[in-house]
Amino acid sequence: MKLSTVLVGISSASAVSAHTIFVSLAADGKDYGISYGIRTPSYDGPQTDVNAKNMACNGAPNPTMSTDKIIPVIAGTNVSAVWRHTLQSGANDVMDPGHKGPVMAYLKKVTNAKTDSGVGDGWFKIQEGGYSNGNWATNTVINNKGNQVIRIPSCIANGQYLLRAEMVALHGARSTNGAQLYMECAQIEITGGTGTASPKTYSIPGIYKSNDPGLLIDIYSMKPTSQYVIPGPPLFTCP
Ligand SMILES: [Cu+2]
């Protein structure tokens, strides 16, 4: 009786350890700390319906907490979205390495980063990693102590933005809506941008379809040489 209780406890803990959260942002050499300026959830589960409004900045069934902080970010520099299994986890507990898939980041210019829901048009992709030589971008983040390195474009306009960082796990993606998408939105204010570019923008939900080749896929049949199509719009780069 006692032993089976212990075993149940162990197996449910390892199932939960699969998930992940974008818990903090490091910018200009400073990690602002857990949940500072980021709408983090208390539960680390994925979104699986690419047509849901909560594809933008997470939400039910993983309710997010609001924050009144905005993080200063300098255009043309790298920031790190820091991923952890839970809000309490350390750098060697980022996500179960069996969770494999692409990693992406998006920006949306907003009037008020504290209140904008993120739902709808305005998003452009600024970073992406997929699959090469048998390595998934998620593994790169795990091996980098949970740091997803994101270059903030130098040519965009100054002002408040939502920074949406995302990891996708494809272990169950053989069936429709089997891909697990993890995302949170950080509230940032960009300075130092030249404002010379106007990125083409896209709607979230809307950037993904459930049958995208990068989301409906059997990753276990892939070879190191296989090509993988990263989902979402094309990557924006400064001209
Ligand atoms: Cu998971």
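Observations on the model:
- Residues Y220, Y131 in ascending order of nearby Cβ atoms (within 10 Å, fewest first): Y220, Y131.
- Convex hull of Cα atoms in the chain, direction-averaged projection (nm²): 13.5
- Inter-probe distance in nm under a simple model that places probes 7 Å from Cα toward Cβ, at T86 and T111: 4.0
- Placing pseudo-labels 7 Å out from each Cα toward the beta carbon at N78 and K30 gives an inter-label distance of 2.0 nm.
- The range 168-185 - phi-based ³J(HN,Hα) in whole Hz, Karplus 6.51/-1.76/1.60, Gly and Pro as x: 10, 10, 10, 5, x, 7, 5, 10, 4, 6, x, 5, 9, 10, 10, 8, 9, 10
- DSSP bridge orientation in the range 19-217 - percent antiparallel, rounded to nearest 5: 90
- Counting only DSSP H runs of at least 4 residues, each contributing -39500 (n - 2.57), and dividing by the residue count of the chain, the helix-based mean residue ellipticity at 222 nm comes to -3000 deg cm²/dmol.
- With distances taken between every two different alpha-carbon atoms, the range 121-161 has a Kirkwood hydrodynamic radius of 12.5 Å.
- Ranking of F236, F22 by count of other Cβ atoms within 10 Å, fewest first: F236, F22
- When the alpha carbon gyration tensor of the range 99-199 is reduced to an equivalent ellipsoid, the three semi-axes, largest first, read 27, 16, 11 Å.
- Considering only I34, I204, I188, the mean-square fluctuation computed in a Gaussian network model of the chain, springs between alpha carbons under 10 angstrom, is largest for I34.
- Most fluctuating residue given options S210, S80, S226, as computed from a GNM of the chain linking Cα atoms under 10 Å: S226
- Each residue of the range 139-148 was assigned a 3J(HN,Hα) from its phi angle through the Karplus curve 6.51 cos²θ - 1.76 cosθ + 1.60 (θ = phi - 60°); the sequence is 5, 4, 5, 4, 5, 9, 6, x, 8, 9 Hz, with glycine and proline shown as x.
- Distance cut-off 15 Å, percentage of C-alpha pairs in the range 162-239 lying past it: 67
- Using a Gaussian network model of the chain in which every pair of alpha carbons under 10 angstrom is joined by a spring, one finds that among T196, T48, T176 the greatest mean-square fluctuation is at T196.
Read-outs: derived from the displayed coordinates by stated rules, not from any lab. All of these numbers come straight from a predicted model, not from anything done at the bench. Cβ coordinates were reconstructed from backbone atoms using ideal geometry, including for glycine residues, and neighbour counts include every protein chain displayed.
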